[in-house]
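> Sharing a structure, written as structure tokens. Questions coming.
The values are calculated or read from the model by the stated rules, or taken from the named source; none is laboratory data. Remember, it's a predicted structure, so these values are computed and weren't measured experimentally. Please note: Cβ atoms are built from the backbone with ideal geometry, for glycine as well, and neighbour counts cover all protein chains shown. SASA here: full protein model, heavy atoms, side chains in, ligands and nucleic acids out. Shrake-Rupley method; radii C 1.70, N 1.55, O 1.52, S 1.80 Å.
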Amino acid sequence: MNKHYRDVWYVSADGLRLYARDYSPVIGRRANERQAQSRVTLLCMHGLTRNSADFEGLCEALRRDYRLVVPDQRGRGRSAYDPDSSHYQPAQYAADMLGLIEQLQLEQVVLIGTSMGGLMAMILNALKPGFFKAVVLNDIGPEVNPAGLERIKSYVGKDRAVKSWEAAAAEARRLNGAAFPDYTDADWMRFARRTFGLDSSGKLLRLYDAAIARPIASDAGSAVPPDLWPLFAQLAAQPLLLVRGELSDILTAATVAKMQSLVPDMQYLEVPRVGHAPMLDEPQAIAALQIFLNELSSSELE
């Protein structure tokens, strides 16, 4: 089966071998709109315990029109684990993304960040003001609800052993069932296939380094950089879309309201009956992203 992407390997500034998927657009007819879209690259950045597979649904929906580059952050998926766990924090991941952008010589980049990936997007935008064409924040803002953060801390790096794919799907449901109340058994098996893998002995393992939990284990940890409101304010300089899960325990409605008051032009979508974080393959999310991206392409043609 055609996997629709090529494997990209690159080396971080501190010597880790890192991985990304690179989906190229299907240009087809040389219509002006299709040409404008194909010049745009969507850099999709996943959350704390996830990997590039999180964006498979989104990539399937958009890959015909846009280039999508989807990395595994260090310590996740096919990227190398870091021997120094203190490097597992958003500023380091952002530095890795700058290296990936440079290697692939990416231009016209739209940042799409889920949870931790959204924190990275705010940092990247501050590091390279004016470089990014637009930003999409998925269920994350300048403030993180402490209750949601404590929930994440309660399980990251403390994974229970599973001995079958059925057990992996059950474990995925146990940890994430509140966020996806409408998921079917098939959905949970798909979730498990994206978040578990087999080691050389055939043992099922989480696709992340358990050491990613260490920096967030204490109140002094670096899971969320301090005072992100100034970085968020800088996003007002380019098109911005915020997506929130209706049931989210990470991004509160009060934080959304404050974000809207600070950046009135921000587009906003709330995905019903989904918690933290929308997969961005929901019909409402796909439609909102297509409209948002089409508006970018239209403005380029004017």
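Residues are listed down the side, and each one gets a yes or a no for (1) open to solvent by 50 Å² or more (accessible area, probe 1.4 Å); (2) at pLDDT 95 or above; (3) under 25 Å from residue 136 (Cα atoms); (4) in a strand (DSSP E or B):
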site	(1), (2), (3), (4)
1	yes, no, no, no
4	yes, no, yes, no
7	yes, yes, yes, yes
10	no, yes, yes, yes
13	yes, yes, no, no
26	yes, no, yes, no
33	yes, no, yes, no
48	no, yes, yes, no
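> Might you let me know whether region 185-206 holds any residue that is in contact (Cβ under 8 Å) with a residue 12 or more places away in the chain, assigned to a loop (DSSP other than H, G, I, E, B) and not hydrophobic (A, V, I, L, M, F, W, C)?
No, region 185-206 contains no residue that is in contact (Cβ under 8 Å) with a residue 12 or more places away in the chain, assigned to a loop (DSSP other than H, G, I, E, B) and not hydrophobic (A, V, I, L, M, F, W, C).
> Quick one: is residue 227 at pLDDT 95 or above, over 20 Å from the mean Cα position of the chain (by Cα) and not aromatic (Phe, Trp, Tyr)?
No, not satisfied.
> Something else now. Could you list all residues from region 276-298 that are in contact with a helix residue (DSSP H, G or I) (Cβ under 8 Å, 6 or more places away or on another chain), over 16 Å from residue 61 (Cβ atoms) and either in a loop (DSSP other than H, G, I, E, B) or at pLDDT 95 or above (or both)?
276
> Moving on. Any idea which of 233, 237, 288 is without any contact (Cβ under 8 Å) to a residue 60 or more places away in the chain, open to solvent by 30 Å² or more (accessible area, probe 1.4 Å) and either acidic (Asp, Glu) or farther than 18 Å from residue 46 by Cβ (or both)? Walk me through it before giving the result.
Numbers: 237 fails: without any contact (Cβ under 8 Å) to a residue 60 or more places away in the chain; 288 fails: open to solvent by 30 Å² or more (accessible area, probe 1.4 Å).
Within the list 233, 237, 288, the selection yields 233.
> Another question, if that's okay. Cβ contacts < 6 Å: first residue under 16 Å from residue 288 (Cβ atoms), restricted to region 41-69; second residue assigned to a helix (DSSP H, G or I), any location; separation 6+ or different chain. Result?
44/55; 61/286; 65/37; 66/37
> If I go through region 246-271 residue by residue, how many of them are touching a residue at least 24 places away in the same chain (Cβ under 8 Å), open to solvent by 60 Å² or more (accessible area, probe 1.4 Å) and not in a helix (DSSP H, G or I)?
So the answer is 6.
> Wholly within region 74-180, which helices (runs of 4 or more DSSP H) include no fewer than the required count, namely at least 2 residues that are open to solvent by less than 40 Å² (accessible area, probe 1.4 Å) and within 20 Å of residue 228 (Cβ to Cβ)?
The helices (runs of 4 or more DSSP H) meeting that bar are 90-104, 116-127, 146-155.
> What are the residues in region 96-147 that are more than 28 Å from residue 282 (Cβ to Cβ) and among the polar types (S, T, N, Q), if any?
Selection gives 103, 105.
> Could you list, in sequence order, the residues of region 149-187 that are among the acidic types (Asp, Glu) and either more than 22 Å from residue 280 (Cα to Cα) or in contact with a Lys or Arg (Cβ under 8 Å, 6 or more places away or on another chain) (or both)?
Correct list: 150, 159, 166, 171, 182.
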